[in-house]
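Next up is a structure, given as structure tokens.
The values are calculated or read from the model by the stated rules, or taken from the named source; none is laboratory data. Quantities reported herein were computed from a predicted structural model and do not represent experimental measurements. In this analysis, Cβ positions are derived from the backbone assuming ideal geometry, glycine residues included, and neighbour counts consider all displayed protein chains. Side chains are part of the model used for accessible areas, which takes the heavy atoms of the whole protein and leaves out ligands, DNA and RNA. Shrake-Rupley method; radii C 1.70, N 1.55, O 1.52, S 1.80 Å.
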Amino acid sequence: MSHYLYYALTLGVYFFVYCLLGLGYNLQYGLAGINNVANYSFVAFGAYLAAVTTLGPSNSLVQSYILGTSIAWPLPLLVGAAAGALTSLVLGFIFLLRLRHQYQAIVTLVVAQVIWLLVGNNPGLFNGYNGLAGVPQPLESVVNLAPVPYEAFFVGITALCALLGFAFMRRVVRSPLGRVLRAIREDESVASCFGRNVFWAQMSAFIVAGTMAGLAGGLLVEYLGAWSPSGWSPYEGFVVIAALIIGGTANNIGAALGAFIVPVAIYELTGFIPPFGPVNAQTIDAFRWIAIGIIVLLFLWFRPQGVLPEPRRRFRLVDRILVGQEPIPGKGLFLSQKMHGSDATSVVTDETK
Amino acid sequence: MSSDRADVSTAPLIQAVGLSKSFGGVRAVQNCSLEAYPGKITGLIGPNGAGKSTLLALLAGAERPDSGKVLFDGHDVTRMHDWQRARLGLVRTFQVSRPLGHMTLLENMLIGAMDMSGETFAKAFLNRKQWKENEERDLIRAVELLERFNLLRLANDYAEILSGGQMRLLELARALMASPKLLLLDEPFAGVNPSLAHELADHVEQLNREGQSMILIEHELNLVGRLCDPVIVLANGSVLASGSMSELGKSAEVLDAYLGRTERVSATPLVTTSELEMEAPHGDA
């Protein structure tokens, strides 16, 4: 029984980490319209930096890496988040200054591949293709729990991070910032000719999304205890993109739903299918990639908005005026809670005041 | 016409001095100088490929000139980006309507408002009371403008559902949300039926009566004659002539350039404004 519980808790960790990743990707792609295929590079840098600030000084006989130190938890997580932010800041100048649309996507893919090869072929950085291992789990000796309770403890850590990420994104989406980012996504020339600095608006969203990715990387490496280039190939980034497309672009709940459908239900869950007959582990791995690809294709053909489409924001002030009522001073800004027909799933409600 | 309009001060609101812009080997604008004054609608006409839209893009900051200067409201804005010029009050519309399709009309209008409070991560979280107040003020203004342009009933709908004419109305309303000092209108009547074109022209005329300064690119010379004074004629990327429509109708140079005629004309105009309109090609390059 405890095996099943342990297994369920493992999926819980993946779910919340991918929620955080999906929310960050929703910020940069769903809202700000940045076509970034290199999102997993930020996860990788977050993971490496969290690992080397946990492992202590490098011992080149075992594994060699830079910046080896050991700082108290949760500082390594914050270092991982900062690494994601810094990577975004640097790459943002390459991705966001002059590149748009498919050119932006192609360049991000190329840069992700270059980073992957650089890290893999330079053992002095993060131990090359062998990667880093033996990263201790956070507070393991302090809480001193058996494996299953510790797993539950770790689910709690990831859930807290995901919930904070969700609350953060909820505020962003409902603020003028969210509106400006969506305007940039729709037509950056229009946003620009109404006084918005498109580059810095996208850059700030890119950095915040990179921070969330770096934090997710830190959580992953602390959970897995190891990190190597085989774990962050461009394929891994595709999982996050697929999750958002299927769950619902520009919808935070859609991002969470996508995190459940793709990384958990399709990707991780199928990894536990035991080999049977002619079907071995490699066959199962190949088929789950094929399955993800086919599902993404079907969504792009028949439901490009995803399971949960972007919410349409209605202003109660105007609803009141349209039905002949006077607007209520100070109350006019609340978004309507009314849901209309087929729009019922796509009308946002707001009780933020 | 002009007697109804706001008083004109002597200082130009915008001034282009020797602007030039080439795209590869094509000289779109060559040593072009013009001025537009507050309270006036300055017309910009010329045949296709004359460089009108490029000139407008240079004024708005969407394109950088190869040489020359743009002065706006006492500032040298030549090296400024379009978003910086917009913050000074220089706002444009586009030749092809560009609604923010997957945003509601109200959200389109709020983007036009150029209220920057709450538009950074820090301000979105720390300055909430301020941006809520500003948003409420802007919403009320947006509602007034949407009502004025007969779009209020669609306020909470996505802009992508609008007809071509409604998109033109929204574009104008959105630009007015910015309370611009100078509004650059790039063929605002293109592609709309004559009835709606006249409705739009009424709006433009009324706005001008209220003191709104504009530069208007348009091919419908009847509308230009009705709305604009002065009118600047562009040909081959240079200013050919300027003056009132009635003066320009008598200019042989203008008629040659606009209609492609080579014969000299007498002091009596060979063609009238309405004939010009019939022969002028529509749609800009």
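Given 20 Å bins starting at zero, what is the percent of C-alpha pairs of the protein assembly as shown in each, up to the one with the largest pair distance?
17, 42, 28, 11, 2, 0
Now for a separate question. Which of the three applies to region A:1-148, rounded, prolate or oblate, going by the alpha-carbon gyration tensor with a ≥ b ≥ c and a/c under 1.5 meaning rounded?
oblate
Can you list the trypsin sites (Lys or Arg not before Pro) in region A:179-258 that are in a DSSP coil and have 15 or fewer other beta carbons within 10 angstrom?
Taking region A:179-258 and a limit of 15 other Cβ atoms within 10 Å, no loop trypsin sites (Lys or Arg not before Pro) are found.
Continuing with this model, one more query. Which value, in debye to the nearest 20, describes the size of the charge dipole of chain B about its Cα centre when Lys and Arg Cβ atoms bear +1, Asp and Glu Cβ atoms bear -1, and nothing else is charged?
Here chain B has a charge dipole of around 800 debye.
Over the Cα atoms of region A:8-60, how large are the radius of gyration and the largest Cα-Cα distance (Dmax), in Å?
My reading of the Cα-based Rg and Dmax gives 14.6, 44 Å.
With both bridge residues required to lie in the protein assembly as shown, what share of the DSSP beta bridges run antiparallel, to the nearest 5%?
So the antiparallel bridges in the protein assembly as shown amount to around 60 percent.
Can I ask one more? Let me know the longest stretch in chain B that avoids all trypsin sites (Lys or Arg not before Pro) found in a DSSP loop with at most 13 other C-beta atoms within 10 Å.
Result, exposed sites excluded: B:80-263.
Compare the Cα positions of B:Q15, B:N134, B:Y258 along the charge dipole of chain B (+1 at Cβ of Lys, Arg; -1 at Cβ of Asp, Glu; about the Cα centre) and return the one farthest towards the positive end.
B:N134
Quick one: which residues, 5 or more positions from B:V239 or on another chain, have an amide H under 5 Å from its amide H? H modelled 1.01 Å from N in the peptide plane, none for Pro or chain starts.
B:S33
May I pose another question? Pull out a ≥ b ≥ c, the square roots of the eigenvalues of the alpha-carbon gyration tensor of region B:156-201, then state rounded if a/c is under 1.5, prolate if not and a/b is larger than b/c, and oblate in the remaining case.
The shape class here is oblate.
In Å², and per residue, what accessible area does chain B have when probed at 1.4 Å with the other protein chains present?
Each residue of chain B exposes 40 Å² on average to a 1.4 Å probe.
Could you give the dipole magnitude of region B:101-161 about its Cα centre, charging the beta-carbon of Lys and Arg +1 and that of Asp and Glu -1, in debye to the nearest 20?
Dipole magnitude for region B:101-161 comes out near 200 debye.
By DSSP, what percent of the beta bridges with both residues in chain B are antiparallel, rounded to the nearest 5?
In chain B, DSSP labels about 55 percent of beta bridges as antiparallel.
Would you mind checking the tilt of helix B:164-177 against the longest principal axis of the Cα atoms of chain B, expressed as 0 to 90 degrees and rounded to 10?
So the helix axis and the longest Cα principal axis differ by about 70 degrees.
Further, regarding this structure: Across region A:266-276, in residue order, what do the Karplus-derived ³J(HN,Hα) couplings come to in whole Hz, using 6.51 cos²θ - 1.76 cosθ + 1.60 with θ = phi - 60° and x for Gly and Pro?
Going residue by residue, I get 8, 7, 6, 4, 5, x, 9, 5, x, x, 8 Hz, with x marking Gly and Pro.
Right, another one. Report the charge-dipole magnitude of the protein assembly as shown in Debye, nearest 20, computed about the Cα centre from +1 at each Lys and Arg Cβ and -1 at each Asp and Glu Cβ.
For this selection, approximately 1060 debye.
Still on this structure, I have one more. How big is chain A by Rg and Dmax over its Cα atoms, in Å?
Gyration radius and largest Cα-Cα distance of chain A: 21.6, 79 Å.
Right, another one. Per the helix-only calculation at 222 nm, which mean residue ellipticity applies to chain B, given -39500 (n - 2.57) for every DSSP H run of n ≥ 4 and division by its residues, nearest 500 deg cm²/dmol?
Using -39500 (n - 2.57) per qualifying helix, the result is -11000 deg cm²/dmol.
On a C-alpha basis, how far is the centre of region B:70-103 from the centre of region A:171-205 in Å? Whole number, if you could?
Cα centres, region B:70-103 to region A:171-205: 15 Å.
Filter chain A for me: DSSP H helices, axial length by Cα at least 27 angstrom, mean Kyte-Doolittle hydropathy not below 0.5. List them by residue number.
Going by DSSP H runs, the hits are A:2-25, A:75-96, A:101-121, A:147-174, A:198-224, A:281-302.
Over chain A, with a Gaussian network built from C-alpha contacts below 10 Å, which listed residue (A:V240, A:V279, A:V173) shows the highest mean-square fluctuation?
Of the options given, A:V279 has the highest mean-square fluctuation.
Round to a whole number: what % of the accessible area of region B:69-209 belongs to carbon and sulfur, probe 1.4 Å?
C and S atoms contribute 51 percent here.
Which is farthest toward the positive dipole end of region A:2-302 among A:Y129, A:Y103, A:A159, measuring Cα position about the Cα centre, with Cβ charges +1 (Lys, Arg) and -1 (Asp, Glu)?
The one lying farthest along the dipole's positive direction is A:Y103.
Between chains B and A, what is the buried accessible area in Å², counting both sides, with a 1.4 Å probe and ligands, DNA and RNA left out, to the nearest 100?
Buried surface at the B/A interface: approximately 4100 Å².
Which shape class, rounded, prolate or oblate, goes with chain B when its Cα gyration tensor gives a ≥ b ≥ c as root eigenvalues, a/c under 1.5 marks rounded, and past that a/b bigger than b/c marks prolate?
It is prolate, given that a/c is not under 1.5 and a/b is the larger ratio.
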